[in-house]
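Handing you this structure, nothing more for now.
The values are calculated or read from the model by the stated rules, or taken from the named source; none is laboratory data. Remember, predicted model here, so these are calculated numbers, not experimental data. Cβ atoms come from the backbone with ideal geometry, glycine included; neighbour counts cover every protein chain shown. We work out accessible area using only protein heavy atoms, side chains counted, and drop any ligands, DNA or RNA first. Shrake-Rupley method; radii C 1.70, N 1.55, O 1.52, S 1.80 Å.
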Amino acid sequence: MSGLNQPQQEAVNTLKGPMLVLAGAGSGKTRVVTFRIANLIKHRTRPERILAVTFTNKAAAEMQERVSGLLGKLKERPQISTFHAHCVRVLRRHARKLGYPERFAIYDRGDQESLARGVLREIRVPSELMRPGDLIYQISRWKTASVRPPEAAKVATSDKEHLAAMGYRRYQKTLQTTGAMDFDDLLLLTEELFEKHADARKVEAALFDHLLVDEYQDTNGSQYRIIKALATEHRNLCVVGDDDQSIYGWRGAEVQHILRFNKDWPDAKVIRLEFNYRSTAAILDIANKLISYNKVRHDKVLRPARAGGEHPRILQYNSETDEACETVADIRRRIETDHLQPRDCAILFRTNEQPRPFETELRKAKIPYVILGSQSFFDRKEVKDILSYLRVIDSPRDEVSLLRIVNNPPRGIGQKSVETLLKEAVTRGAPIWEVMDDGNSPVVLPANAREAVGRFVALVRRFHDELGKTKPLVDPVRRLISEIGYENELKRIYTDSNELQARWAAVEEVVNALGAYEKNAKKPTLGGFIDEVT
């Protein structure tokens, strides 16, 4: 195989026995895996006797495409798929052994929430104590850790977990009764199948002569045991990964699997891919120094394929606002003095919440930007909602913002009432706010809607008067969000606990942004804040 360095060639040309390929960042890992599959086929391993598993559909599709590019059109193709997709195939063949039909259904998130809602109703748990999303989250955590319903009650420590354990038992029984599995079951039940039914394990293991596993450092307990069950007979197991890139412990990944690989497979060959083709020597020098502080790791050092490079600066700031200010100022200096274009610069983030202060500073500096791989903070529904409230309080004649919030959260001003108010505004040639604020208006609304409009107008006027004075902005805005019941509205809309948390975090980020503006502005005003962020 041309174009490979010596360690890569060794990984590609080792065709038998267990092998651990420690592939550092940017070392050509996917290239090695695909070349290895192609080389196995060239050495007369039948393509359909090769199984390669990875974690995402995108990675599996890319791997399949690269193998096809190397070998052209094949009558049979190697099986390259995600763990979950392979487990579905296994379970379709043997589900009856576990008490499920062959054509079992796979529940999506909506199905799970409907089932969880029914379970909580049956065991009489009020929604304020546990929502369907909370139950699903806890069950998923247990399943990821291979904890079955009988064991869940034993490991539960809090009252809420004991309630979840009761729900888990009912939830799983209902799934089986209705002939369905959820996404986590695909791994858990495959593991159970191999544990309890040796005949099924032997049949599945005999389908393949070679097993390749990508991103081995991210495997959880079920995946680890499934891999072992499939590879024990032929022992042609090649795992590729990097213990220094293990970041998914929070979702069940166990880095110990890659650290103890040569204890599980004592005759394993270990190959280190240490040449990095992605970064310059200056970057790798710092990365290696940082990684060396990890106490438990495989010994390896990333070596640059490219020499030189600008030496990275490592900076620390007192706050996210300071970080954003300095970063955007640096970008502006480079644009002005080095004649760079804005598209020549990039700011990388780990989480979706981090871009907000940078977006604020880029807008102030009038530097155009594009958010990739995520939604702009200021385009999120909950951010638009809160900013619309602030716009209306600052300027009640802002009709676009007014129409967005007039019944958000619902307060009894329905669409028909809004249409009636709009019609009157058109007739008068006046803003809708003027119609709503006119106590003597001839507009005929239902009594409940008329009272709701009065309460809304009073709310806007009260906060307009309060926020128009020279006093702190943050506390009144917090009270506004509480008074309109926005958090409860999010809870009503988003039953998934993770999504709810992310949505509420965005609301809090708006308040944090207001606090940062108030701290740094000479004469902070609500209008000034709105101008800054928009």
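Ignoring ligands, DNA and RNA, how do Lys196, Lys523 rank by accessible area with a 1.4 Å probe, largest first? Don't jump to the answer; show the numbers that get you there.
Working: Lys196 135, Lys523 175 Å².
Ranking Lys196, Lys523 by accessible area, largest first, yields Lys523, Lys196.
From zero up to wherever the largest Cα-Cα distance of the range 102-213 sits, split into 5 Å bins and tell me the percent of pairs in each.
The distribution over the range 102-213 is 2, 11, 20, 21, 18, 11, 8, 5, 3, 1, 0, given as percents.
Using the Cα centre of the range 205-314 as the reference point, and only Cβ charges (+1 on K/R, -1 on D/E), how large is the resulting charge dipole? Debye, rounded to the nearest 20. Each step should come with its number before you reach the end.
On the way: 16 positive and 15 negative charges, 61 e Å.
Roughly 300 debye for the range 205-314.
Between the helical axis of 159-177 and the dominant principal axis of the chain, each derived from Cα atoms, what acute angle in degrees is found, rounded to the nearest 10?
With both axes taken from Cα atoms, the answer is about 60 degrees.
Once Lys and Arg get +1 and Asp and Glu get -1 on their Cβ, which of Asn488, Gly515, Leu467 lies farthest toward the positive end of the dipole of the range 456-523?
Leu467
Once phi is turned into θ = phi - 60°, what whole-Hz ³J(HN,Hα) does the Karplus curve with 6.51, -1.76 and 1.60 give for every residue of the range 274-283, x standing for Gly and Pro?
For the range 274-283, the Karplus-derived couplings read 10, 7, 9, 9, 9, 10, 7, 4, 4, 6 Hz, x marking Gly and Pro.
Might you work out the accessible area of Trp504 for me, using a 1.4 Å probe with all protein chains in place, and round it to the nearest 10 Å²?
60
Once Lys and Arg get +1 and Asp and Glu get -1 on their Cβ, which of Thr157, Val147, Met130 lies farthest toward the positive end of the dipole of the range 123-176?
So the residue furthest toward the plus end is Val147.
Given Cα pairs under 8 Å that are at least 6 residues apart, what percent is the relative contact order of the chain?
On the way: 643 pairs, mean separation 78.7, N = 534.
About 15 percent, as a whole number.
For helix 381-394, report the angle its Cα long axis makes with the longest principal axis of the Cα atoms of the chain; keep it between 0 and 90° and round to the nearest 10°.
20
Next question. Could you give the distance between the Cα centres of the range 263-336 and the range 1-61, to the whole Å?
26
So which GluC sites (Glu not before Pro) in the range 209-263 pass both tests, a DSSP loop state and at most 13 other Cβ atoms within 10 Å of the Cβ? Mind showing how you got there, number by number?
Values: sites: Glu215, Glu233, Glu254; in loops: Glu215, Glu233, Glu254.
Passing both the DSSP loop test and the Cβ count: Glu233.
In percent, how large is the relative contact order of the range 118-223, given Cα pairs closer than 8 Å and 6 or more residues apart? Mind showing how you got there, number by number?
Numbers: 59 pairs, mean separation 32.8, N = 106.
Computed over the range 118-223, the figure is 31 percent.
What's the angle, to the nearest 10 degrees (0 to 90), between helix 415-428's Cα axis and the longest principal axis of the chain?
50
What number, in percent, do you get for the relative contact order of the range 185-344 if the mean sequence gap of Cα pairs under 8 Å and at least 6 apart is divided by its residue count? Intermediate values should be presented prior to the final figure.
Details: 155 pairs, mean separation 26.3, N = 160.
About 16 percent, as a whole number.
Determine the principal axes of the Cα atoms in the range 1-73, then give the extent along each, sorted from largest to smallest and rounded to whole angstroms.
Computed over the Cα atoms, the extents are 28, 28, 24 Å.
I'd like the accessible area for Arg31: 1.4 Å probe, protein heavy atoms, all chains in place, Å² to the nearest 10.
Solvent-accessible area, nearest 10 Å²: 90 Å².
HN-Hα J couplings of the range 85-101 from phi, Karplus 6.51/-1.76/1.60, θ = phi - 60°, integer Hz, Gly and Pro as x?
Each residue of the range 85-101 in turn: 5, 5, 5, 4, 4, 4, 5, 4, 7, 10, 4, 4, 5, 9, x, 10, x Hz.
So, one more: Which trypsin sites (Lys or Arg not before Pro) from the range 225-300 combine a DSSP loop assignment with at most 16 other Cβ atoms within 10 Å? It would help to have the intermediate numbers written out before the result.
Values: sites: Arg225, Lys228, Arg235, Arg251, Arg260, Lys263, Lys269, Arg272, Arg278, Lys289, Lys295, Arg297, Lys300; in loops: Arg235, Arg260, Lys295, Arg297, Lys300.
Filter output for the range 225-300: Arg235, Arg260, Lys295.
Count neighbours as other Cβ atoms within 10 Å of each site's Cβ, and list the GluC sites (Glu not before Pro) in the range 80-169 that are DSSP loop with at most 11 such neighbours. Please list the in-between numbers first.
Working: sites: Glu102, Glu113, Glu122, Glu128, Glu151, Glu161; in loops: Glu102, Glu128.
Listed in order of number, the matching sites are Glu102, Glu128.
Turning to a different aspect of this structure: Could you grab the Rg to Rh ratio for the range 1-145? Cα atoms only, Kirkwood for Rh.
Numbers: Rg = 21.4 Å, Rh = 18.8 Å.
Rg/Rh: 1.14.
Separate question: Please compute one quarter of the surface area of the Cα convex hull for the range 418-534 and express it in square nanometres.
Values: hull surface 37.9 nm².
Its average projected convex-hull area is 9.5 nm².
Write down the accessible area per residue of the range 286-350 in Å², having rolled a 1.4 Å probe over the full set of protein chains. Numbers along the way, then the final one.
Details: 5360 Å² over 65 residues.
Ligands and nucleic acids excluded, the result is 83 Å² per residue.
Using modelled backbone amide H atoms (1.01 Å from N, in-plane), which distant-in-sequence or interchain residues come within less than 5 Å of Asp182's amide H?
Result for Asp182 returns Tyr107.
Among Ala95, Phe55, Gly118, whose Cα projects farthest towards the positive end of the dipole of the range 53-157, with charges put on the beta-carbon of Lys, Arg (+1) and Asp, Glu (-1)?
Ala95
Given charges of +1 on the Cβ of Lys and Arg and -1 on the Cβ of Asp and Glu, with all other atoms neutral, how large is the dipole of the range 316-380 about its Cα centre, in debye to the nearest 20? Don't skip to the answer; put the middle values down first.
Numbers: 10 positive and 12 negative charges, 49 e Å.
About 240 debye.
With a 1.4 Å probe and all protein chains kept in place, how do Leu315, Leu421 rank by accessible area, largest first?
On the way: Leu315 90, Leu421 5 Å².
The ordering from most to least exposed comes out as Leu315, Leu421.
Taking the range 95-160 as the region of interest, what is the percent of Cα-Cα pairs per 10 angstrom bin, listed from the shortest bin to the one with the maximum distance?
17, 43, 34, 6
Can I ask one more? From the protein chains alone at 1.4 Å, what is the descending order of accessible area for His464, His257, His84, largest first?
On the way: His464 70, His257 0, His84 40 Å².
Reading off the accessible areas and sorting them downward yields His464, His84, His257.
Would you mind classifying the range 470-520 by shape? Square roots of the alpha carbon gyration tensor eigenvalues, ordered a ≥ b ≥ c; an a/c under 1.5 is rounded, otherwise it is prolate if a/b is larger than b/c and oblate if not. Intermediate results must be reported in sequence, preceding the final value.
Values: a/c = 5.66, a/b = 1.86, b/c = 3.05.
The shape class here is oblate.
With Kirkwood's inverse mean 1/r over C-alpha pairs for Rh, give me the Rg to Rh ratio of the chain, two decimals please. Show your work: numbers first, answer last.
Values: Rg = 29.5 Å, Rh = 28.1 Å.
Taking Rg over the Kirkwood Rh, I get 1.05.
Rounded to the nearest 20 Debye, what is the dipole magnitude of the chain about its Cα centre when Lys and Arg each give +1 and Asp and Glu each give -1 at the C-beta? Please list the in-between numbers first.
Numbers: 84 positive and 74 negative charges, 340 e Å.
It works out to roughly 1640 debye.
How big is the range 168-276 by Rg and Dmax over its Cα atoms, in Å?
In order Rg, Dmax, the Cα atoms of the range 168-276 give 16.1, 53 Å.
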